[in-house]
Amino acid sequence: MPLIIIVGAIVGALSVLLVLAGNPANMGVCVACFLRDIAGGLGFHRAGVVQYLRPEIAGFVLGAFGIAVSKKEFKVTGGSSPVIRFVLGMFVMIGALVFLGCPLRMVLRLAAGDLNALVGLVGFAAGILVGIQFLKRGFSLGRSHAQEKVNGYILPIMAAVLLLFLAIRPAFIFFSQSGPGAAAAPVLVALAAGLIVGVLAQRSRLCMVGGIRDAMLIKDYYLLSGFVSIFVVALIGNLIFGQFNLGFEGQPIAHNDGLWNFLGMLLAGWGSVLLGGCPLRQLILSGEGNLDSVITVFGLLAGAAVAHNFGLASSAAGVTANGKVAVLIGFVVMAAVGALSRPVILGKSQRVEKSVTA
């Protein structure tokens, strides 16, 4: 059995178990939601119901870092359009928070019967298809170059510091007393799950964006099979533990505005193609020493802060007017970046190859 299918099965099972252990419903793992909670915990936004230093995120980074070092795959590179990556990361997060979930949570929501996630999946695939058109026309954010090794240690150290803050709970860190931020699996359980996912995702290159992109672009279904495996195992787990609820209405931490579920994930998918990977993949690459992905993660955090400080994030009540405007602005930004970041010195096949390396 291919490694990616085994990895997907483990991730799906862990996601179900994390919900049973206390994580929010249909949110065993959600990179966008967890980074949003961390942004709130650090005081970057003051939405009191989504503030918590999610140990799963630290686990993803530290797990990927540890296995990359042990396998001699820790290579510190960077310098590929950092400002653009930061901005794209912000808009990917905004799109995800209009939908209310990253690509991984989208699959987990669908596995729990939330049909709004099916609409999001269609939008996500449409965004990837749009992004592929830019790849075919030569889109590139430029080459990365070797950097001083110490730079690669910064994000793993920051992840470890977050775990320290979670343990000692200093007064300058914020913790939700109600809402999704207050629903959490025990710290050691969540951290263990994060470390396992970090290791497995590093070894398998698990990436939802990469899976759909590769299937569309080069008819390679390896990465996509991992997410099919996540869906199947999570679906079975939800059915066994009574967590399956089929329909559009009454889904946890979700809204049923189909148009903006579609458009929010279209924005997230489009931006993720331009960046070379989904939010989970960016965290894993960061643990491997990829400084371009570190910049993207910082952009995701900034996007979470902007989304809640300026009323862009959706809620169970629906999509905000500001959120709709932000998504439309995001489309303009994506189109401009895609049109302007096109080198002319490479042949078409070479440009596409370099854009699909993640």
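Since every read-out is calculated from the coordinates, none of them should be taken as a lab result. Quick caveat, the model's predicted, so the values are computed rather than measured. When we count neighbours, we look across all protein chains shown, and the Cβ atoms used for this are built from the backbone with ideal geometry, even at glycine.
General remarks:
- Phi angles across segment 169-182 convert, under the Karplus curve 6.51 cos²θ - 1.76 cosθ + 1.60 with θ = phi - 60°, into 3J(HN,Hα) values of 6, x, 5, 7, 9, 9, 10, 5, 9, 7, x, x, x, 8 Hz, Gly and Pro given as x.
- Global form of segment 187-258, assessed from the alpha-carbon gyration tensor, a/c cut-off 1.5: oblate
- Distance violations [Cα-Cα > 23 Å] among Lys71/Lys149; Lys71/Lys219; Lys72/Lys149: Lys71/Lys219
- A simple spin-label model places pseudo-atoms 7 Å from Cα toward Cβ; at Phe175 and Ala321 they are separated by 3.9 nm.
- Projected label points at Asp220 and Leu340, each 7 Å from Cα along the beta carbon direction, are separated by 3.1 nanometres.
- The overall shape of segment 1-159 is rounded: from the C-alpha gyration tensor, with semi-axes ordered a ≥ b ≥ c, the ratio a/c is less than 1.5.
- Spacing of the two label points (7 Å from each Cα toward its C-beta) at Tyr153 and Glu73, in nm: 2.2 nm
- Helices in the chain that qualify as membrane-span-like (whole DSSP H runs, Cα extent of at least 20 Å along the helix axis, mean Kyte-Doolittle hydropathy of -1.0 or higher) are 3-21, 55-70, 82-99, 116-136, 154-168, 187-204, 222-240, 258-275, 291-309, 321-340.
- Springs between Cα atoms under 10 Å define the GNM used for the chain, and in it the highest mean-square fluctuation of Val161, Val306, Val327 occurs at Val161.
- About the Cα centre, charge dipole magnitude for the chain (Lys/Arg +1, Asp/Glu -1 at Cβ), debye: 820 debye
- Cut-off of 10 Å, at most 13 other beta carbons, DSSP loop: longest stretch of the chain lacking such GluC sites (Glu not before Pro): 250-358
- Within the chain, longest stretch free of exposed trypsin sites (Lys or Arg not before Pro) [DSSP loop, at most 16 other beta carbons within 10 Å]: 220-358
- Rounded is the label for the chain. Its Cα gyration tensor axes, ordered a ≥ b ≥ c, give a/c under 1.5.
- Under the criterion of Cα pairs below 8 Å and six or more residues apart, the relative contact order for segment 54-184 equals 44 percent.
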